[in-house]
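First the structure, in the form of structure tokens, and then the observations on it.
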Amino acid sequence: MRTIININQGWAFRFGAELPAAFPADWEAVNLPHTWNAELTRGGTEYRRGTGVYAKVLGKCTAPGQLAFLELRGCNASADVYLDGRHLCHHDGGYSTFRVPLPQLRGGELLCVAADNSANDRVYPQQADFTFYGGLYRDVNLILVPETHFELVKDGTPGIKITPVQDGADYRVTVESWQNGGTVRFTVDGRTQTVPSENGHAAAEFRIENARLWDGLRDPFLYTAQAALLDERGAVLDEISASFGCRSFRIDAQKGFILNGRPYPLRGVSRHQDRKGLGNALTKQEHDEDMALIRELGANSIRLAHYQHDQYFYELCDRYGLVAWAEIPYISAHMPSARENTFSQMRELITQNYNHPAIVCWGLSNEITMQGLTDDLRDNHVELNRLVKRLDPGRPTVMANVMMLDTRDPLLRLPDATAYNIYFGWYVGKLEDNEVFFDKFHQENPDVPIGFTEYGCDTNPAYHTSTPTRGDYTEEYQRVYHEHILALVEARPWLWCSYAWNMFDFGAANRDEGGTHGVNQKGLVTMDRKTKKDVFYLYKAHWSSEPFLHLCGRRYEKRHEDVTDVTVYSNQAEVSLYVDGKPFGTQTGRHKFSFRVPISGAHRIEAVRGTLRDEITIRHVDAPEESYVLKGGGILNWFDADGLKSDCWSLKDRVCELMQNAEARAVVIGCVNRPGKDESDFILDLRAHPEKLEALEIPMEQLLTLSSPFISPNIKRHVNAALQQIRR
Ligand code: ADA
């Protein structure tokens with residue numbers, strides 16, 4: 001029988017160390033999960049990228065006839081595994097499970113894992129708006145099995161594959177397994193079939209009559225399939241099982257997402273896995289908390305961005321009925337020498353997650369054309385798409401495209417369904433441009449299913465205003481922004497999916513903005529999961545049926561105006577407001593209830609509906625509260641077209657255009673050649689090949705953000721000022 005032994009405890013760790021010959025007792029003692037970037041808050045020297053070595057003495061012996069496999073459920077980004085100094089395995093890809101056959105164990109062997117998150121051009125991701133936490137950050141197990149056992153190594157397979165196909169009210173369920181001999185007894189829904197293993201493969205088909213469906217939030221029912229490997233006397237050698245769900249779905253260009261025959265527009269959030277103080281080194285507890293928050297919001301779908309998440313999280317999606325978008329980190333910048341890595345990460349993603357009913361699509365890439373569209377990139381996508389179709393003909397391929405990608409580009413039509421990340425109203429343009437974009441797309445491409453994979457705006461919950469504007473990072477602008485987009489998606493059920501970017505603030509070492517270093521602040525909830533920003537409750541009001549009400553502006557206590565806005569988000573039909581204990585007004589409505597309240601001095605504001613109640617304090621102050629305002633302006637303030645001289649160049653202009661003007665060209669080249677503390681590959685490459693700048697279609701602002709982890713708003717302001725001196 002199979003024994004699984006967790007070996008998270010008792011490791012020694014050192015960053016930048018050589019492989020030790022004996023257990024290095026003087027290294028830092030750590031337990032897994034572990035990352036050396038846990039405390040990261042900003043780029044630069046604190047963001048250590050390189051090799052960290054983990055060492056542990058194995059205590060377990062294998063019995064005669066027993067084989068041992070090492071299971072690593074996530075090592076970012078590349079791993080080399082050694083036993084007593086002997087190299088056993090190299091693995092590229094920081095987000096998937098892989099297993100390594102071990103020799104016979106006597107006990108006392110020195111196991112070393114070298115984890116490497118340094119920059120290279122072989123392994124995705126290399127350029128992206130999130131932190132590449134290095135380390136052995138998920139569970140490590142020893143799996144002991146008899147000589148005849150289910151497959152463990154190939155692409156980290158669970159060994160069992162279940163394919164339920166709808167047949168009227170019934171489901172035909174094919175169960176397959178891979179093993180190195182024996183006979184397999186499959187059990188599904190109380191029935192068994194025993195079949196021989198032929199060429200390492202066994203399969204059986206079951207029929208579940210009148211199947212109970214896996215029906216999203218309504219009823220996420222799970223069945224279980226078991227496989228027992230038997231010897232010639234019928235004794236069980238090895239055993240595995242997996243849950244699965246019976247469900248059908250399709251993505252329709254006009255009707256949107258259809259689950260089990262009924263329209264079910266996917267409305268939810270994206271999730272990055274990391275958390276403040278822990279980085280990516282999470283336990284089940286953090287996964288459970290994240291899922292509880294997403295369920296509280298009432299989302300029916302999650303985009304698990306931008307890489308393979310912990311197995312456990314996909315299990316939670318299955319269990320709670322949240323439809324999931326899964327993807328690999330083929331992101332931001334195509335690397336011709338990393339083609340094989342897109343294939344291996346995709347093979348692992350699909351092989352390891354095939355059985356999850358929650359997953360409905362495989363994401364080929366994210367914003368991959370951001371730095372240009374080459375033949376090699378196209379070809380890579382064609383092959384990747386073909387690979388997915390071969391591995392899983394039952395699920396559609398999808399892409400999340402960058403907003404600059406021409407909507408007529410044939411790449412859009414390569415996957416079965418497509419989607420755009422659109423940030424009008426934040427990085428560029430007006431909020432209304434979002435509707436214009438999607439309506440035009442839908443009208444011009446009536447046969448292309450289109451989704452809204454990302455939208456959001458950075459928000460520091462310390463910042464407040466009564467006159468919210470784009471780029472101010474306030475909690476109030478985040479409300480304006482999300483109220484607008486939520487209305488947009490609700491009115492357009494043909495948007496087959498929409499995902500707020502992001503459920504949680506997340507580590508983005510290259511960022512330095514909005515009063516915080518190293519964090520993308522587009523979350524509905526802060527990175528420590530402690531503060532639900534007001535917009536969290538906007539979504540809850542729309543999506544959740546759990547009765548609640550929420551008074552906005554709890555952190556916006558000191559207000560300068562004489563009459564102030566007090567807004568309640570609620571899923572109740574009526575809300576009453578009390579000011580200093582006295583009734584102020586009652587409103588009926590849906591989701592949002594706004595009151596204009598005169599203020600002088602301190603006031604206790606209460607919102608009430610039956611037994612539901614919330615309370616905040618507001619204080620009138622003589623001068624605007626300085627701590628509520630971002631110092632030095634936000635990076636986006638000068639993106640505002642009103643503030644720019646339109647007859648001169650600016651950061652808004654595309655690099656390729658700036659390169660056509662001699663003076664502007666000099667500013668661009670000057671930026672690329674500016675010595676930095678830690679140059680990215682991207683900038684070094686541009687420095688070596690300035691002609692690439694002439695082909696770079698991204699705005700200058702984006703080039704600056706991408707090119708250096710050290711870019712500060714001041715530098716951007718400086719460059720913008722220089723460009724504003726040059727007439728077009
Ligand atoms: C892109 C990217 C995301 C995210 C976002 C942002 O759209 O896909 O990773 O970071 O930008 O916040 O700017």
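Summary table
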| read-out | value |
| --- | --- |
| Selected residue (only one of Gly553, Gly523, Gly581 is at positive phi and crowded, with 19+ Cβ neighbours inside 10 Å) | Gly553 |
| Number of the exception - Tyr423 against (1) away from the ligand (no atom under 14 Å from the Cβ); (2) open to solvent by 10 Å² or more (accessible area, probe 1.4 Å); (3) among the hydroxyl-bearing types (Ser, Thr, Tyr); (4) under 30 Å from Arg250 (Cα atoms) | (1) |
| Yes/no for Leu488 being farther than 18 Å from Val398 by Cβ and either aliphatic (A, V, I, L, M) or within 13 Å of the ligand (Cβ to nearest atom) (or both) | yes |
| Sole exception among (1) in contact with a Lys or Arg (Cβ under 8 Å, 6 or more places away or on another chain); (2) open to solvent by less than 30 Å² (accessible area, probe 1.4 Å); (3) not aromatic (Phe, Trp, Tyr) for Glu205, by number | (2) |
| Matching strands (runs of 3 or more DSSP E) fully within region 479-578 where at least 3 residues are in contact with a Ser or Thr (Cβ under 6 Å, 6 or more places away or on another chain) and at pLDDT below 95 | 506-513 |
| Qualifying residue in region 258-270 (condition: of a type in the set (Lys, Arg) and under 30 Å from His34 (Cβ atoms)) | no |
| Region 116-166, subset hydrophobic (A, V, I, L, M, F, W, C) and open to solvent by 30 Å² or more (accessible area, probe 1.4 Å), residue farthest from His306 (Cα to Cα) | Val165 |
| Leading residue by the ranking (nearest to the ligand (Cβ to nearest atom)) among those in region 335-365 that are among the charged types (D, E, K, R) and closer than 30 Å to Ser248 by Cβ | Glu348 |
| Residue in region 444-460 that is farthest from the ligand (Cβ to nearest atom), counting only those that are within 24 Å of Lys532 (Cβ to Cβ) and touching a strand residue (DSSP E or B) at 6+ places or on another chain (Cβ under 9 Å) | Asn460 |
| Answer residue from region 115-138, given it is hydrophobic (A, V, I, L, M, F, W, C) and within 16 Å of the ligand (Cβ to nearest atom) and is nearest to Leu70 (Cα to Cα) among those | Phe132 |
| Search result, residues across region 48-68 that are at pLDDT below 95 and among the aliphatic types (A, V, I, L, M) | Ala63 |
| Test: residue in region 235-244 that is closer than 30 Å to Phe438 by Cβ and among the hydroxyl-bearing types (Ser, Thr, Tyr) | no |
| Residue in region 366-385 that is crowded, with 24+ Cβ neighbours inside 10 Å, within 16 Å of the ligand (Cβ to nearest atom) and closer than 30 Å to Val165 by Cα present | yes |
| Condition met for Glu327 (of a type in the set (Asp, Glu), touching a His at 6+ places or on another chain (Cβ under 7 Å) and within 16 Å of the ligand (Cβ to nearest atom)) | yes |
| Wholly enclosed strands (runs of 3 or more DSSP E) of region 225-282 bearing at least 2 residues within 18 Å of the chain's Cα centre (by Cα) | 266-271 |
| Flag if Ile294 is part of a strand (DSSP E or B) and at pLDDT 95 or above | no |
| Output for region 492-504, where each listed residue is touching a His at 6+ places or on another chain (Cβ under 9 Å) and either more than 12 Å from the ligand (Cβ to nearest atom) or farther than 17 Å from Pro265 by Cα (or both) | Arg492, Trp494, Leu495, Asn502, Met503, Phe504 |
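The values are calculated or read from the model by the stated rules, or taken from the named source; none is laboratory data. Since we're looking at a predicted model, the values are computed, not measured. When we count neighbours, we look across all protein chains shown, and the Cβ atoms used for this are built from the backbone with ideal geometry, even at glycine. All accessible areas refer to the heavy atoms of the entire protein, side chains included, with ligands and DNA or RNA removed. Shrake-Rupley method; radii C 1.70, N 1.55, O 1.52, S 1.80 Å.
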